[in-house]
Structure formats: structure tokens, C-alpha cells
């Protein structure tokens, strides 16, 4: 499970890295994102009427209005080049029901990008993954494993943490969290969009193995979600070394 080619995919799509892009920072389920952007795409094909859409703002705050109708209103508002529409979404996000939080977050992000695109006269690009990011950096979840299937010793744990931090910092990356379960080490890291996190992980593994040769060369890398221990066990057998 690898997700280290976003940079290359963007180059294939645009021919270059866009000058103006925004990374969605929140961790939002990929299926929710796909559903949102599919609906937004259809709305773009037939631009919503500004006055009519703004007039529906009170429905967002009406507890008797169906969730799906509110989702539609939010998506319509997000496609308006209008600061008032942005403020409406922003206000709703502060106290919106949990079931609408992710959809509203996506709406607010798109509303911001819609306005910026108009002001700069250049299309803005939203880069989104399941794990989100920070600033101009993407977040990844990685799993390492011991070579012999034994739990890592305390010394090995300290060495892994040290080498990972050192490797990431060399490319302006950061380890946000690291944990150890059984014979696995999991960590969340953020790295700049144009940096290959696979290379940084391989570098850390090589440095650790020079001392004890105790880490498997295989690893799981994803930017879709944080895996549970059961998902890790299940996925590990499908990882190529």
C-alpha cells in the first residue's frame, strides 16, 4: 500500500506544480471527499444563481431541514464567488452537527478557493488526501516491522525514533507521532509535497540496520487513513519487499 506519487500525478495532470494550490489540512474520509467533489463538479456545469442560493441560508440553521438538503445548500454556496457565502459556511461550521462537519469543511475550503481564483484570475487547486496535511506539506501513515517478527527492544525503539526524526528533518519533514505495537512501529509524518517520503524512510531503515539489521525492508505507506493493528496485519502480507 503506497501513496508516494502525488507529486508525479500532479505533474502529469498539470504539466507543472501549480503556483497557487492549497492542501486540505483536515483528515476527511476519501469517500466523503469523492462524493462532495462529484456533486460540486455537477453544480459547476450549471452555475447557481447567487441571490437564490444566498436566500436559502436560513435553512442551514433550521433543525427541521433534512441533512441532504443542507449538504446541497453548502455545495451551492461554495461555488459562489461571494464573500457572504463564505461567511455563511464559516458561521455554520462553528456549530454544525457532527454528521455535517466534514462536508461543511470541504465546502468552506472550496468557497475560499473559488473567491481566490476570481481575485487572482487563476484557477486554484485543492490537493486533498484522507490524512490531510499542514501548510504545503502532506501527511502520511507508515508501518515498519521487525525483520524476525519479534517485538522491538527499548534500544531499537529509541534508534528508530532518532533515525526517523533525523531523516525527515533533512527535507523539512516532521514526525508527528510514533507508536509501537507487537513487532510493528507506526508513525505519522508530514513532508513537503515535492519530497519522496519513501526515500526518507528507506534512509532511516538503512541507518538503523547498519547497527543491528533488525528492520524489514518492507513497509506500508499510505495517505488515505490510519490503519488499525488488525488492518496492519492483514495488509502486511500484501506488501512487496
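Every number in this text was worked out from the coordinates using simple rules, so none of it is lab data. What you see is a predicted model, and the numbers here were worked out from it, not measured in a lab. With ideal geometry, Cβ positions are generated from the backbone for all residues, glycine too; neighbour counts draw on all protein chains shown.
Helical content of the chain, expressed as a calculated mean residue ellipticity at 222 nm, amounts to -16000 deg cm²/dmol (DSSP H runs of 4 or more residues, -39,500 (n - 2.57) each, divided by residue number, nearest 500).
Entry for region 29-127 at q = 0.10, 0.13, 0.15 Å⁻¹: log10 I(q)/I(0) = -0.23, -0.40, -0.54, Debye formula applied to identical alpha-carbon scatterers, no solvent contribution.
Sort 63, 84 so that the residue with the fewest other Cβ atoms within 10 Å of its own Cβ comes first and the one with the most comes last.
Values: 63 5, 84 12.
Exposure proxy ranking, most exposed first: 63, 84.
The slack between residue 224 and residue 147, meaning 0.36 nm per residue of separation minus the straight C-alpha distance, is 25.2 nm. Stokes-Einstein diffusion for region 186-236, with the hydrodynamic radius set to the Kirkwood value over Cα pairs and evaluated at 4 °C in a medium of 1.567 mPa s, equals 103 µm²/s.
With the convex hull of its Cα atoms as the shape, the chain has an orientation-averaged projected area of 15.1 nm². A convex hull fitted to the Cα coordinates of region 137-241 yields 92 cubic angstrom per residue. Neighbour counts of other Cβ atoms within 10 Å put 169, 157 in the fewest-to-most order 169, 157.
A simple spin-label model places the labels of residue 42 and residue 119 3.1 nm from each other, with each point 7 Å out along Cα-to-Cβ.
Every pair of different Cα atoms in region 57-189 enters the Kirkwood calculation, which places the hydrodynamic radius at 18.1 Å. Neighbour counts of other Cβ atoms within 10 Å put 103, 236 in the fewest-to-most order 236, 103.
Using the alpha carbon gyration tensor of region 71-136, what are the three equivalent-ellipsoid semi-axes (square root of 5 times each eigenvalue), largest first, in whole Å?
Details: eigenvalues 74, 54, 17 Å².
Gyration-tensor ellipsoid for region 71-136: 19, 16, 9 Å.
Extending 7 Å from the Cα toward the beta-carbon at both residue 84 and residue 157 defines two label points whose distance is 5.8 nm.
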